[in-house]
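Right, one structure below, let's go through it.
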Number of protein chains: 2
Amino acid sequence: MPQSDTQNRKFILAERPRGEPDRNTLRLVTEDLPRPGRGQMLLRNEYLSLDPYMRGRMSDAPSYAAPVEIGGVMVGGTVSQVLRSDVTGFAEGDWVVAFGGWQDYALSDGSGVINMGKAPEHPSWALGVLGMPGLTAWAGLTQIGQPEAGETLVVAAASGPVGATVGQIGKILGCHVVGIAGGPKKCTHVVETLGFDACVDYKADGFPEALKAAVPDGIDIYFENVGGAVLDAVLPCLNPLARIPVCGLISQYNATSLPDGPDRLNFLMGQILRKRMTVRGFIVFNDFGHLYPEFASTVGAWVRQGRIHYREEVIDGLEQAPSAFIGLLRGEAFGKRVIRLAG
Amino acid sequence: MPQSDTQNRKFILAERPRGEPDRNTLRLVTEDLPRPGRGQMLLRNEYLSLDPYMRGRMSDAPSYAAPVEIGGVMVGGTVSQVLRSDVTGFAEGDWVVAFGGWQDYALSDGSGVINMGKAPEHPSWALGVLGMPGLTAWAGLTQIGQPEAGETLVVAAASGPVGATVGQIGKILGCHVVGIAGGPKKCTHVVETLGFDACVDYKADGFPEALKAAVPDGIDIYFENVGGAVLDAVLPCLNPLARIPVCGLISQYNATSLPDGPDRLNFLMGQILRKRMTVRGFIVFNDFGHLYPEFASTVGAWVRQGRIHYREEVIDGLEQAPSAFIGLLRGEAFGKRVIRLAG
């Protein structure tokens, strides 16, 4: 269903999910097109980014960011066009990166909005390799992972927008790069298109053994965005002085209770001690937002030169967003999943 | 029993302990005084350090250091005197810090031995505040903890040689310092003699609530050398961007199996992510040995100026070492526990 010129459709948070979000979690409502006031602009959202962190915003568990209120528009990054503007630096027809949310239109006072000009080449890439996921990959790898040539880098969710970028940057920096992904199709893509040295299928029988065989020199850096069984397989392979940037734990987001024991909390601490590891969590805009200009010029150049490939999965129609998001949490996305709103 | 001039008593590892070491773990054997060969020196051990890491050396579980062999002399840091020397830089009568082991006499080729000269003021302190525990405290706090004035620092095992030093350095650097120790006597010492702002008794009822009340602004740095129930109480109080230097997990060293569930491994990873924490394990000589000169001058000056107090618990007689070590693991030591061999 295409966007209307007079109405705004938006997904509001109807109830907080217990476990996996379902069709009761979000509700599509329609309202009149909002009118921009003084110092505001009206944005038409062209692409909506779907990202695992959104699951956290649906919950009211303590977190680094405030939850979406019940009845509030679901938050999300968007690539949008400026329709009308009373904000300095933004004019009609400009393409912008904004937090426009899960809706057709949004008002903005320009805070946190990046202007891409009138004719960006791949506007939606600003939601992926050239945006938050790309910055997450580059900053987490370089600032926390601190890779050195010849080291072994293991990347979970290797066909996703963060993992794919981490691994390709790791190759550029001279690492031996092993991906972990779900299913043979993704694994083939990770090796053949993205150029990883190997990719291990976490859904296949014998996954821990296959991972071990793929890292004969152990693991120096593990880029963590999954947790769970993938982390379990990684732990015994970690080398002394391993670094683990932690930007996500997608396998855990829908969990409603802790898994059965034994309790391995102190076991993990013991591994960190004995292997003299560094484990560091980060939230990209909080911790590394100041590095955005360096990221944009460095990674932007690699993308332009074709040294970093980027795979996008475009799904048409705002109404598809909830099911596409549920699938994302299930590991069904293949590449960066975005919703195209214009239809 | 004093040292003999002709015989060497030594504790050898008789069997690997399962759980807590007991009287079958180590065996005292007597042999003729060893004779130094070319390029060697004969040391008479005056003080033997007892340290929690020794429990790890009794095990053959994978670790950063090779285990003591069955039948081998139990390893340990010593303050010793040179009796005869064919090693450049060491002469009869010199006091040295060495890894002389759990025995009356030791041979050495000088590797890793530090010469303290003929008349050090407090020779045994080189096993504590001016030695490995002191370097552990200073380096772990400054290099990983990276304290800033006004931050809250929580120190486990606060009356021990590492914890006491961490907390006093934290005070010098302007932190709000809260110790955790076992029993009212130690807690009083930590506050009244060491000058911590507060100390919480982990053996008392309501310990987690008491800790929470003692850190009204949360915890920015937790210096971890205990694990277990102490860590459990600390976790909910940690602030965003908290740093956790991990130099030990004494509560876990005698564990023979993992505790019952639920499994909190991914819970801990989630805390690290959401709070953007840095958790880093370290082994002091591997990671920070190169900082020893800076440590010695900085912390040495604070000790001479009386800004750092040091409490030592001297136990006479090599034959007391096993029971003193078992007690150390039980938390019975009050201050740095050393064995005086000369008797």
Quiz prompt | Euclidean distance between Cα centres, the range B:219-235 to the range A:237-263, Å | solution = 19 Å
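Give the shape of the range B:132-286 as rounded, prolate or oblate, defined through the alpha-carbon gyration tensor: a ≥ b ≥ c are the square roots of its eigenvalues, a/c under 1.5 means rounded, and otherwise the shape is prolate if a/b is larger than b/c and oblate if not. Could the numbers behind the result be given before it?
On the way: a/c = 1.29, a/b = 1.18, b/c = 1.09.
Rounded, because the longest to shortest axis ratio a/c is under 1.5.
What is the fewest-to-most order of A:Asp260, A:Asp232 by other Cβ atoms lying within 10 Å of their Cβ? Walk me through the numbers on the way to the answer.
Details: A:Asp260 10, A:Asp232 14.
By the 10 Å Cβ count, ascending, the order reads A:Asp260, A:Asp232.
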Practice problem: Between chains B and A there is a rotation axis; tell me the chain B residue with the nearest beta carbon and how many whole Å away it sits. | Solution: B:Gly261, 1
Practice problem: List the extent of the Cα atoms of the range B:55-111 along each of their three principal axes, largest first, rounded to whole Å. | Solution: 39, 20, 16
Practice problem: Counting helices only, and only those DSSP H runs with n ≥ 4, report the 222 nm mean residue ellipticity of chain A as the sum of -39,500 (n - 2.57) divided by its residues, in deg cm²/dmol to the nearest 500. | Solution: -7000 deg cm²/dmol
Quiz item: With +1 on each Lys and Arg Cβ and -1 on each Asp and Glu Cβ, how big is the dipole of the range B:132-286 about its Cα centre, in debye rounded to the nearest 20?
Solution: 260 debye
Exercise. Relative to the compact-globule scaling 2.2 N^0.38 Å, provide the ratio for the alpha-carbon radius of gyration of the protein assembly as shown.
Key: 1.12
Exercise. Determine ³J(HN,Hα), in whole Hz, for all residues of the range B:238-249 in sequence, where each value follows from phi through the Karplus function 6.51 cos²θ - 1.76 cosθ + 1.60 and θ = phi - 60°; x replaces Gly and Pro.
Key: 5, 8, x, 6, 4, 10, 10, x, 10, 10, x, 9
Quiz item: Which whole-angstrom value gives the distance between the alpha carbon centres of the range A:90-128 and the range B:9-30?
Solution: 70 Å
Quiz item: In whole angstrom, how long is each semi-axis of the equivalent ellipsoid of chain B, when you take the square root of 5 times every eigenvalue of its Cα gyration tensor and sort them from largest down?
Solution: 36, 23, 18
Exercise. Would you kindly work out, in nm and rounded to one decimal, the distances from the label point of B:Thr193 to those of the same position in each other copy, ordered shortest first, with label points 7 Å along Cα-to-Cβ?
Key: 6.8
Self-check item: Over the range A:217-343, relative contact order from alpha-carbon pairs under 8 Å, at least 6 apart, %
Solution: 20 percent
Quiz item: At what distance in angstrom do the alpha carbon centres of the range A:57-80 and the range A:184-204 lie from each other?
Solution: 33 Å
Practice problem: State the cysteines of chain B left without a partner when partners are defined as other cysteines whose beta carbon lies under 4.7 Å away. | Solution: B:Cys175, B:Cys237, B:Cys247
Quiz prompt | Using alpha carbons only: equivalent-ellipsoid semi-axes of the range B:109-168, gyration tensor based, whole Å | solution = 27, 13, 10
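Just to be sure I follow the definition: excluding the sites themselves, where is the longest run in chain B that has none of the GluC sites (Glu not before Pro) in a DSSP loop with at most 14 other Cβ atoms within 10 Å?
On the way: sites that count: B:Glu15, B:Glu69, B:Glu92, B:Glu121, B:Glu148, B:Glu332.
Here the longest segment lacking exposed loop sites spans B:149-331.
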Quiz item: Could you give me the ³J(HN,Hα) list for the range B:92-105, computed from phi with Karplus coefficients 6.51, -1.76, 1.60 and θ = phi - 60°, whole Hz, x at Gly and Pro?
Solution: 3, x, 5, 8, 9, 9, 9, 9, x, x, 7, 7, 6, 10
Quiz item: Mind checking the log10 I(q)/I(0) for the range B:66-179 at q = 0.13, 0.18, 0.21 Å⁻¹? Debye, one equal scatterer per Cα, no solvent, two decimals.
Solution: -0.64, -0.91, -1.04
Self-check item: Positive-end residue, the protein assembly as shown charge dipole about Cα centroid, Cβ charges, pick of B:Tyr105, B:Thr298, A:Gly71
Solution: B:Thr298
Quiz item: Taking springs between alpha-carbon atoms closer than 10 angstrom, which of B:Pro62, B:Pro322, B:Pro17 fluctuates most in the Gaussian network model of chain B?
Solution: B:Pro62
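How big is the Kirkwood radius of the range B:208-322, worked out from every pair of different alpha carbons and given in Å to one decimal? Walk me through the numbers before you get to the answer.
Values: mean 1/r = 0.0575 Å⁻¹.
About 17.4 Å for the range B:208-322.
Can you compute the charge dipole magnitude of the range B:172-248 about its Cα centre, using +1 on each Lys and Arg Cβ and -1 on each Asp and Glu Cβ, nothing else charged? Give it in debye, rounded to the nearest 20. Please report the intermediate quantities before stating the final value.
On the way: 5 positive and 9 negative charges, 34 e Å.
Dipole about the Cα centre, nearest 20: 160 debye.
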Self-check item: Sparse-neighbour loop sites [trypsin sites (Lys or Arg not before Pro); the range B:1-50; at most 11 other C-beta within 10 Å; DSSP]
Solution: B:Arg18, B:Arg23, B:Arg38
Quiz item: For label points placed 7 Å from Cα toward Cβ, what is the shortest-first list of nm distances from B:Gln7 to its copies?
Solution: 10.0
Exercise. Mind checking A:248-255 for the average number of partner chain beta-carbons within 10 Å of each residue's beta-carbon?
Key: 2
Exercise. Taking H placed 1.01 Å from N in the peptide plane, check which residues at least 5 places from A:Glu313 or on another chain put their amide H under 5 Å from its amide H.
Key: A:Lys336, A:Arg337, A:Val338
Quiz item: So what is the relative contact order of chain B, in percent, for Cα pairs below 8 Å that sit 6 or more residues apart?
Solution: 18 percent
Exercise. Please go through the range B:273-343 and write out the trypsin sites (Lys or Arg not before Pro) that DSSP classes as loop and that have at most 15 other C-beta atoms within 10 Å.
Key: B:Arg307, B:Arg330
Practice problem: Would you kindly work out, in nm and rounded to one decimal, the distances from the label point of A:Arg304 to those of the same position in each other copy, ordered shortest first, with label points 7 Å along Cα-to-Cβ? | Solution: 5.9
Exercise. Please average, across the residues of A:286-293, the number of beta carbons from any other chain that are within 10 Å of each residue's own beta carbon, and give a whole number.
Key: 1
Quiz item: When we measure straight from the Cα of B:Lys212, which lysines land under 24 angstrom away, once same-chain ones fewer than 8 places off are left out?
Solution: B:Lys171, B:Lys185, B:Lys186, B:Lys203, B:Lys275
Quiz item: For all pairs of alpha-carbon atoms in the range B:1-90, what percent lies in each bin of width 10 Å, listed from the first bin to the last filled one?
Solution: 14, 40, 33, 12, 1
Exercise. Might you report the magnitude of the Cβ-based charge dipole of the protein assembly as shown about its Cα centre, with Lys and Arg at +1 and Asp and Glu at -1, to the nearest 20 debye?
Key: 120 debye
Quiz item: If you build a Gaussian network model of chain B, linking Cα atoms that sit under 10 Å apart, which residue out of B:Gly261, B:Gly150, B:Gly281 swings the most?
Solution: B:Gly261
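Computed from the coordinates by the stated procedures, all read-outs in this text should not be read as laboratory data. Keep in mind that this is a model prediction, so the values were computed, not measured. Every residue, glycine as well, gets a Cβ built from its backbone with ideal geometry; the counts of neighbours run over all protein chains shown.
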